[in-house]
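The values are calculated or read from the model by the stated rules, or taken from the named source; none is laboratory data. All values reported here derive from a predicted model rather than from experimental measurement. FYI the Cβ positions are ideal-geometry reconstructions off the backbone, even for glycines, and counts take in every protein chain you see. Remember, those area values only see protein heavy atoms, side chains included, never the ligands or the DNA or RNA. Shrake-Rupley method; radii C 1.70, N 1.55, O 1.52, S 1.80 Å.
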Amino acid sequence: MDNTVELEILGLSSNSTQSGSFTLVLGESEGKRKLPIVIGMFEAQAIAIEIEKIIPNRPMTHDLFKAFSSNFQFTIDHILISDMREGVFYAKIMCQSSYKKVEIDARPSDAIAIAVRFDAPIYCTNAVMSEAAIEFTEEDEKREQEASGISKTGKGKSTGKGKSQEASLKDFSLDKLNQMLEKAIGNEDYEKAARLRDEINRRN
């Protein structure tokens, strides 16, 4: 796409400066620039559980969007982070059916939560990248990961609470971790479920 950059999800980390919020980090598919966006807890959980392939007991809002679109036979072509005004990001969801295309305005956090459910690519305009992206050297990236707890594995990892909680999970047996995972999903505590899933995956 002209005048755009394709992005991938690098990670989510809790935001130490804004209680109840998270930082979603997007990175260029071909490049070193990163685009951090502060999002709410609900949207962070919605992105994390889909990346981790955790199935909730009841559909979340973004799952309903996917079910609705499937039943009415339209899909998501891509999402575009289209603008930034006074520090606020704006996005568009590009929907497509067999006979027409529609652009829907959305918050980037909602658009990305929907994109991961459709395996749709994420793009950002060059103008927004020029204004808001940060270019990292390899040394900067290493320091950032150590400081924030962001994990980079493929498309991304879910929210984390730091090394202390990760260490405490190592004290539990695999059977106990699976029991805790089932309970976390039942309680709809997807942030905890994602951490448990990470620990279980490390042992398998």
Kirkwood calc, region 80-140, C-alpha pairs only, radius in angstrom 12.9
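Using the heavy atoms of the protein chains alone and a 1.4 angstrom probe, what is the accessible area of region 4-146 per residue in square angstrom?
Accessible surface, normalised per residue, equals 54 Å².
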Per residue convex hull volume, Cα only, region 41-99, in Å³ is 111
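By accessible area of protein heavy atoms, probe 1.4 Å, what ranking do E50, E86 get, highest first?
Descending accessible area places them as E86, E50.
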Of the convex hull enclosing the alpha-carbon atoms of region 1-102, the direction-averaged projected area in nm² is 8.6
Among chymotrypsin sites (Phe, Trp or Tyr not before Pro) in region 1-95, those in a DSSP loop whose Cβ has at most 12 other Cβ atoms within 10 Å are F72
